[in-house]
Every structure is written in C-alpha cells, then in structure tokens.
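Presented below is the structure to which this report refers.
The numbers here are math on the coordinates, done by the rules we state, and not lab data. Computed from a prediction, not measured in an experiment: that's the story for all the values here. Cβ coordinates were reconstructed from backbone atoms using ideal geometry, including for glycine residues, and neighbour counts include every protein chain displayed.
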Amino acid sequence: MAAVHLTPELVEHPVGAYAELRSRPGLGHVVLPGLATPVRLVTRHDDVRAALGEPRLVRDRSAIADCELPDPQAELLAQGIEGLPPEYATYLSGHLALFDGDEHARRRGPLTRAFTARRVAALRPFVERTAQQLIEPLAERGRADLLGEFAYPLSTAVICALVGVDAADRDRVCGWIRDFAYGDGGRALEGLGGIVEYTKDLVARRRVEPTDDLVSALLADGGLTDDEIVGVFFLLIDTGITPPALFLAHAVLALLDHPDQLERLRADPELLSRAVPELLRYVTLVRVGATLYATEDFVFAGTRLRRGEAVTVALFAADHDPAAYDVPERLDVTREFGRGDGHLAFGHGPHYCIGAALGRLVTGVVLEELVVRRSAAPELAVDRADVPFGHWPGDGFHLLRLPVRL
C-alpha cells in the first residue's frame, strides 16, 4: 500500500487523518509534513505506549550496523543550521532523545538527580513574579501577542533561572537564545557561540563558587563532563522554551475555543488540577515523537518490522484515541484521569520528559494568572480564522502568534 502523505492541515485535527489511520489494521507507511522519507506511524494509544517502552525500538540508528533503509530522522536533522562549526556540533548532538540503554542512563541520571521536586517547587515564586511582570504592561496596553510577548519570554526566563544564569546576564543570554532558536543563519550562529562561551564560563565559575542551581548540582553529581553540561543547556533550550511556550499559547486558544469550559474554570478555580492535564492531553504540543528503529525483525502492533526500519509515534493521535478517552475531541476541564499523567503528552518509558513537573507548575501558574485571577478573561483580538499558524517539518501546524485583548 502506498504511503499516506500527511499534510499539516490533515494532522491539525485529530478527528481527521489520524482517526482514519487508527482504523487501519497494523502500521501503515506515512510521510510526515515537510519530509519525503516514509516511516511506520503508530497512532493507537495502547500501541504508542507500548512502542515507547519497547527495547527493540531504539533512538540511536548508528547502533544498527549495515542498515541501508531510508532514515526520516536524517532528513529532518539535515534541515539544521548551515555552516555549523564542528567544535559546536558536539553540544547539539548530545540530545538525550538520541541515546539508548546504558549511555542514555549515564547522561540522564545526573539530570534526573538534579531535577528534584524541591528545586522545581522553589521556582514557583520566580515563575509567579515573572508572569505578573510580563502581563501587567501588556494588560495596560490592552492588546498583546500572548505567544511572542508573554509565553516565550516567560519560558526563556524560567530556563535561565533553573540553569543558574545570573540575573544581570539574563537579558543578554535570552537574546542569544532568541537568535539561536529563531534567527537567520548568521544570527543563529552568533547566538550559538554566545551561549556556548557563556555556559563554559558559568560552569567554570560554579566549579569554584557553587550556588543552588542546576549547573552547580550537575557539577556536584560528577556524572557529566563539562562539555556535556554545556550540552544540557542546549537540551533545555530545545525542550524547555519553544515547546512550553507554544503549549501555553495553544492551551489558552483551546480555552477561548471552548468558552463554556473557560467560564467553568473561572467559576471554580479548584478545577485547575484537572484542567492542566486535560489541556496537556487536548493540545499534545509535541505531536510526533522521535524516530525509533527496529533492532531486529519482529512483529509489533500487527506489523512485521524489518531490522533498521523507521517507526515513529503520533502522540497527538494517541491522546485523542476514542478507545482510551470518552469523546476525546471534547475539551473537558472536569475530566478525571486514572493513575499517572492520564495522557502521553510527556511521553512514556525511559525517555519520559524530565521537565514534566516544571511544565505542570508553569502551566498552573499561567492559567491562574491569565484566566482565574483577572477580572476578565483574555479574548481573541482577531477573527478565529485569522489566527496565524505555521508549518513545522515532521510535525504540522503550530501557532505563530496569538493576538489577544487583555
């Protein structure tokens, strides 16, 4: 059967293409938005959960010798920064998502030990203060881009505070992060260089004078090299700024799209504890997971996989699977989940999101500040059809801006 080409428009709606794919037996071949290489796509909730815990599906393709099958991950990575200096490549190639087994455990262990519940909880006052400082001038103006002027600066400030960037340096470091993440080729390289040199210096200073921050905790743990600690900063930039910022904007948009749920949450703030996981499920910001590779020939989800064959998981589809949720296309801030998260927005298994607790904390603070405490809820400042979206290779639609009245 020919591969299904998933356009961004198709995958934006879980009741559309994903519903049809879930109804097919086995795992079909699809081509993800913006790519050309086919991949086996897992769409059913139980199958996605199983795939994320299956030891015969790995992230590191180099562990599978003499494999000549097409690799969609290589195509996606090829769309990276042009002219990347070799001395900087190591900081970007050490992403936890690309390792398995003992090497993954070696790199993840120190970060897990440093990412304590106490450290996350201690960030709450900073998150609350920063959110208030960002929203007040926007509210006085009466109109704002909630993504660019609130969610991105908040997420960036939180990561800088977590890592241990000194308050006096945060504006400069945040500027480099913006250039690296969103700038053109020249600005991206300048931002990358600034971050690398600053973080190297930060590591050297914290080695002499440790403080209560993530870099100091990683140095005290001793499980990572200095270069690997610099790589952790890039991991946090990659996973801790853009995805959370986009999620916050998409979550607010979801509430604006469901005014009955918005009013229900405003009327009963105690529903925040249910609304946060429900919005995580409903939005599922990282819609398609990392590419997995079969280490041997075996049958998975009714499909015979070949050694080296590429598989990926549709987290968005899994979190809208009617076999797992009652009326999954409906946002319901009173929805009750069972044990655990109740959704797969943070993944599952060995690669479960390290920053999940921080994500839940920031989401709760933002919803409380924007939706519950204010005398009036935000409103769209443009027609719903004019809210701008963009296409991301391999993933689909995401907000570019969220114009609101405050």
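Between Glu140 and Ala122, how many nm apart are label points set 7 Å from Cα along the C-beta direction?
3.3 nm
How do Phe115, Phe126, Phe233 line up, fewest other C-beta atoms within 10 Å first? Intermediate results must be reported in sequence, preceding the final value.
On the way: Phe115 19, Phe126 14, Phe233 27.
Least to most surrounded, the residues fall as Phe126, Phe115, Phe233.
Taking only C-alpha pairs under 8 Å that are 6+ residues apart, what is the relative contact order of the stretch 224-332 in percent? Intermediate values should be presented prior to the final figure.
Details: 98 pairs, mean separation 25.1, N = 109.
23 percent.
Between Arg205 and Asp46, with labels modelled 7 Å along Cα→Cβ, what's the label distance in nm to one decimal, could you check?
5.4 nm
Label Ala220 and Arg106 with points 7 Å out from Cα along Cα→Cβ: what is the distance between them in nm?
2.4 nm
Dipole size in debye (nearest 20) for the chain around its Cα centre, Lys and Arg Cβ +1, Asp and Glu Cβ -1? Could the numbers behind the result be given before it?
Details: 43 positive and 59 negative charges, 141 e Å.
My answer is approximately 680 debye.
Give the residue list of trypsin sites (Lys or Arg not before Pro) in the stretch 304-379 that are DSSP loop and have at most 14 other beta-carbon atoms within 10 angstrom.
On the way: sites: Arg304, Arg306, Arg307, Arg330, Arg335, Arg339, Arg360, Arg373, Arg374; in loops: Arg306, Arg307, Arg330, Arg335, Arg339, Arg373, Arg374.
The qualifying sites are Arg306, Arg330, Arg339, Arg373, Arg374.
Give me a comma-separated list of calculated 3J(HN,Hα) values for the stretch 31-43, in order, Karplus coefficients 6.51, -1.76, 1.60 applied at θ = phi - 60°, integers in Hz, x for any Gly or Pro.
For the stretch 31-43, the Karplus curve yields 10, 6, x, x, 10, 10, 8, x, 8, 6, 10, 9, 10 Hz.
Relative contact order, percent, of the chain when contacts are C-alpha pairs under 8 Å separated by at least 6 residues?
Values: 614 pairs, mean separation 110.3, N = 406.
Answer for the chain is 27 percent.
Can you give me the long-range amide H partners of Leu292? Hydrogens built in the peptide plane at 1.01 Å from N, cutoff under 5 Å, separation of 5 or more residues or another chain.
Amide H neighbours of Leu292, under 5 Å, 5+ apart: Val311, Thr312.
When the convex hull of the Cα atoms of the chain is projected onto a plane and the area is averaged over all directions, what value comes out in nm²? Please report the intermediate quantities before stating the final value.
Working: hull surface 78.8 nm².
Seen from a random direction, the Cα hull of the chain projects 19.7 nm² on average.
How do Glu103, Glu228 rank when sorted from fewest to most other Cβ atoms within 10 Å of their own Cβ?
Numbers: Glu103 13, Glu228 18.
Result, fewest neighbours first: Glu103, Glu228.
Enumerate the helices in the chain for which the Kyte-Doolittle hydropathy averages 0.0 or more and the C-alpha atoms extend at least 18 Å along the helix's axis, using complete DSSP H runs.
226-240, 242-257
With both partners inside the stretch 4-405, how many of the DSSP beta bridges are antiparallel, as a percent to the nearest 5? Walk me through the numbers before you get to the answer.
Details: 19 of 24 bridges.
Expressed as a percentage, antiparallel bridges in the stretch 4-405 total about 80.
With a 10 Å Cβ neighbour count serving as the proxy for reagent exposure, in which order, fewest first, do Ile177, Ile64, Ile135 appear?
Working: Ile177 28, Ile64 16, Ile135 21.
Least crowded to most crowded, the residues run Ile64, Ile135, Ile177.
Taking square-rooted eigenvalues a ≥ b ≥ c of the alpha carbon gyration tensor, is the stretch 364-406 rounded, prolate or oblate, where a/c under 1.5 means rounded and, failing that, a/b exceeding b/c means prolate?
Numbers: a/c = 4.56, a/b = 1.71, b/c = 2.67.
Since a/c reaches 1.5 but b/c is at least a/b, the shape of the stretch 364-406 is classed as oblate.
Count neighbours as other Cβ atoms within 10 Å of each site's Cβ, and list the GluC sites (Glu not before Pro) in the stretch 12-77 that are DSSP loop with at most 13 such neighbours. Each step should come with its number before you reach the end.
Values: sites: Glu12, Glu20, Glu68, Glu75; in loops: Glu12, Glu68.
Qualifying residues, ordered by number: Glu68.
Can you list residues whose amide H is under 5 Å from Arg143's amide H, if they're 5+ apart or on another chain and H is modeled 1.01 Å from N?
Long-range HN contacts for Arg143: Leu406.
Shape call for the stretch 91-200 from the C-alpha gyration tensor, a ≥ b ≥ c root eigenvalues: rounded (a/c under 1.5), prolate (a/b greater than b/c) or oblate?
Details: a/c = 2.16, a/b = 1.37, b/c = 1.58.
Here the stretch 91-200 falls in the oblate category.
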